[in-house]
Amino acid sequence: VIELAVSFLAIAALFQVFDGAQAIGAGMLRGLQDTRIPMIFAGIGYWVIGLSAGVFLAFPMKLEGVGIWLGLAAGLAAVSAMMLFRWLSRTRLGLDRSPWAADAPRQTVLL
C-alpha cells in the first residue's frame with residue numbers, strides 16, 4: 001500500500017505542474033475574452049487524450065490506477081500545450097487588444 005501511495009504522490013506532483021500551467025493559460029486567454037476555443041481544447045485534452053491514454057495505460061499496459069493518473073496528467077499536458085500555442089498565436093489570430101499589439105497605433109501609456 002505504501003509503495004502505491006508513493007507512486008501516486010509522484011504522479012500528483014507532475015499533475016500539479018501541468019494543472020497549474022493550464023490554469024494560467026486559461027486565465028490569460030480568459031483575459032483576452034477568448035473562451036470558446038480553450039473550452040474545445042479542454043474537451044479534447046481531457047476526454048479524448050486524457051481518458052484514452054488513461055484507459056490504455058491502466059488496462060492493456062496493466063498500470064491500473066497509476067495508468068489512469070498518468071493519462072490524466074497527459075491530458076493536462078496536452079491542454080497546457082494547446083493553450084500556450086493559442087497564447088503565442090494571439091496577435092496573428094487578432095486576439096491581442098493591448099496597445100503594444102503589432103497592428104495597434106502607437107500611443108503613450110501612462111503607468
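Each reported figure results from applying straightforward, stated rules to the coordinates on display, with no laboratory input. As the structure is a prediction and not an experimental result, all values here were calculated from the model. Cβ placement follows ideal geometry from the backbone for every residue including glycine, while neighbour counts extend to all protein chains displayed.
The set of residues from the stretch 16-33 being assigned to a helix (DSSP H, G or I), more than 11 Å from the chain's Cα centre (by Cα) and surrounded by 14 or more Cβ atoms within 10 Å (Cβ to Cβ) comprises Met28, Leu29.
Here the condition is being crowded, with 21+ Cβ neighbours inside 10 Å and either assigned to a helix (DSSP H, G or I) or of a type outside the set (Asp, Glu) (or both); of Ala78, Ala42, it holds for Ala78 alone.
The residues of the stretch 34-57 that are within 18 Å of Leu93 (Cβ to Cβ), over 11 Å from the mean Cα position of the chain (by Cα) and touching a residue at least 12 places away in the same chain (Cβ under 8 Å), listed by number, are Asp34, Ile37.
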